[in-house]
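**Q** Sharing a structure below in structure tokens format, with a few things to ask.
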Amino acid sequence: MSAFAMGMANRGNELKVFDWIKAAHLINEHKASEADAGLGEDWSWTAGAILKNGLPVHDPYTFLASTWATPQIEIDGQRYDCFVMQSERPEWNSDTKWPEEALAQFALSSTTTTQPRLAQE
């Protein structure tokens, strides 16, 4: 079934949104300098970089929310489910990229004492 058809079949279901806090924890845990994110069941159309050279990226291409597909993060070739239901984070949606509290979590484990800067796109 196509992504469009899956979306229509799941219309009205609650949105799964990318969990930026969990992503920051996973990046820190794995000491990753690169990470991608996307929807697992539609990766080739939705995924993009969220971390390059150890810096957060605001890639406008990534689409990280769905009623049917699972938001995931990929670190070192391994994908991890990485989402919360939108009712848990109503301020987050498909356009959310590195909200302040996720950047703060990322900075907590950083070797620097300053807020991380963003990678150039």
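The values are calculated or read from the model by the stated rules, or taken from the named source; none is laboratory data. As the structure is a computational prediction, the values presented were derived from the model and not from experiment. Here the Cβ positions follow ideal geometry from the backbone for every residue, glycine too, while neighbour counts run over all protein chains shown.
**Q** How many of the residues in segment 5-28 are in a helix (DSSP H, G or I) and at pLDDT below 95? Break it down into steps so the answer makes sense when it comes.
**A** First pass over segment 5-28, keeping only residues in a helix (DSSP H, G or I): 5-9, 20-28.
Among the residues that remain, those that are also at pLDDT below 95 are: 5-9.
Residues that pass the stated criteria total 5.
**Q** Here's something else I'd like to know. Checking F106 against (1) modelled with pLDDT of 95 or more; (2) buried (at least 18 other Cβ atoms within 10 Å of the Cβ), only one condition comes out false. Which one?
**A** Going through (1) modelled with pLDDT of 95 or more; (2) buried (at least 18 other Cβ atoms within 10 Å of the Cβ) one by one, F106 breaks only (1).
**Q** Pull up segment 46-77, narrow it to residues that are more than 11 Å from the chain's Cα centre (by Cα) and of a type in the set (A, V, I, L, M), then point me to the one that is surrounded by the fewest Cβ atoms within 10 Å (Cβ to Cβ).
**A** L55
**Q** Find the residue count for segment 37-87, including only residues that are out of contact with any Ser or Thr (no Cβ under 6 Å at 6 or more places or on another chain), in contact (Cβ under 8 Å) with a residue 40 or more places away in the chain and among the acidic types (D, E).
**A** Counting residues in segment 37-87 that are out of contact with any Ser or Thr (no Cβ under 6 Å at 6 or more places or on another chain), in contact (Cβ under 8 Å) with a residue 40 or more places away in the chain and among the acidic types (D, E) gives 2.
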